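Read the structure below first, then the notes.
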Amino acid sequence: MKLATQTPKKALKAFLKQKPLRSEIDVFKTNLIALLDKISVIEKRPTDESEEHLKNDLRDFLRDTYYRDTARKYGLDYIKKLPVPNVDDENQLQIINCVDKVLEAKKQGIDSINFEREIDELVYKLYDITEEEIKIIEGS
């Protein structure tokens with residue numbers, strides 16, 4: 001099977017046509033809980049620790065959740081071609097601030113949906129997602 005490189009927009013459309021299996025949802029849920037548990041101890045980490053540790057946690061989550069079976073099925077070249085946008089410092093800081101707000105709200109037992117929507121909007125902007133595609137993603 002030969003795979004063609006696609007733009008992020010086309011890749012998202014193709015992805016949205018697939019329906020996840022219950023087992024895939026369970027794997028995602030388990031791995032996400034593990035990731036959030038790792039992130040929740042951020043405040044307990046030494047202040048001299050670099051953000052590389054957090055990047056490694058995220059990398060492990062992505063590897064364990066999405067890429068393990070994909071790499072076996074399609075090969076590592078397929079993974080290397082996945083569309084990952086370049087995020088400038090300003091956008092990265094906006095996303096980090098929103099994530100911090102979500103974590104703080106959850107810690108205080110406050111609804112964080114508005115902050116989560118703000119993160120969604122930033123990600124949609126990074127991938128140039130249209131309003132029509134957003135409706136598909138959000139199921140409305």
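The C-beta contact set for segment 4-26 (first residue of a type in the set (A, V, I, L, M), second residue surrounded by 10 or more Cβ atoms within 10 Å (Cβ to Cβ) and part of a helix (DSSP H, G or I), distance under 6 angstrom, 6+ apart or interchain) comprises 16/136. Within segment 98-109, residues that are farther than 15 Å from residue 122 by Cα reach partners that are among the small types (Gly, Ala, Ser) with beta carbons closer than 7 Å, at six or more positions or on different chains, in the pairs 105/112; 106/112. Under the condition of being surrounded by 10 or more Cβ atoms within 10 Å (Cβ to Cβ) and at pLDDT below 75, the residues counted in segment 21-53 number 6. Selection of first residues in segment 39-64 that are part of a helix (DSSP H, G or I) and of second residues that are modelled with pLDDT of 75 or more, restricted to Cβ pairs under 6 Å at least 6 apart or on distinct chains, gives the following pairs, ordered by first then second residue: 57/38; 61/31; 61/35; 64/31. Among the helices (runs of 4 or more DSSP H) confined to segment 65-140, there are none with at least 1 residues that are at positive phi and either surrounded by fewer than 12 Cβ atoms within 10 Å (Cβ to Cβ) or not assigned by TED's automatic domain parsing to the domain that holds residue 27 (or both).
The values are calculated or read from the model by the stated rules, or taken from the named source; none is laboratory data. The structure presented is a predicted model; accordingly, all values stated were derived computationally and were not measured. In this analysis, Cβ positions are derived from the backbone assuming ideal geometry, glycine residues included, and neighbour counts consider all displayed protein chains.
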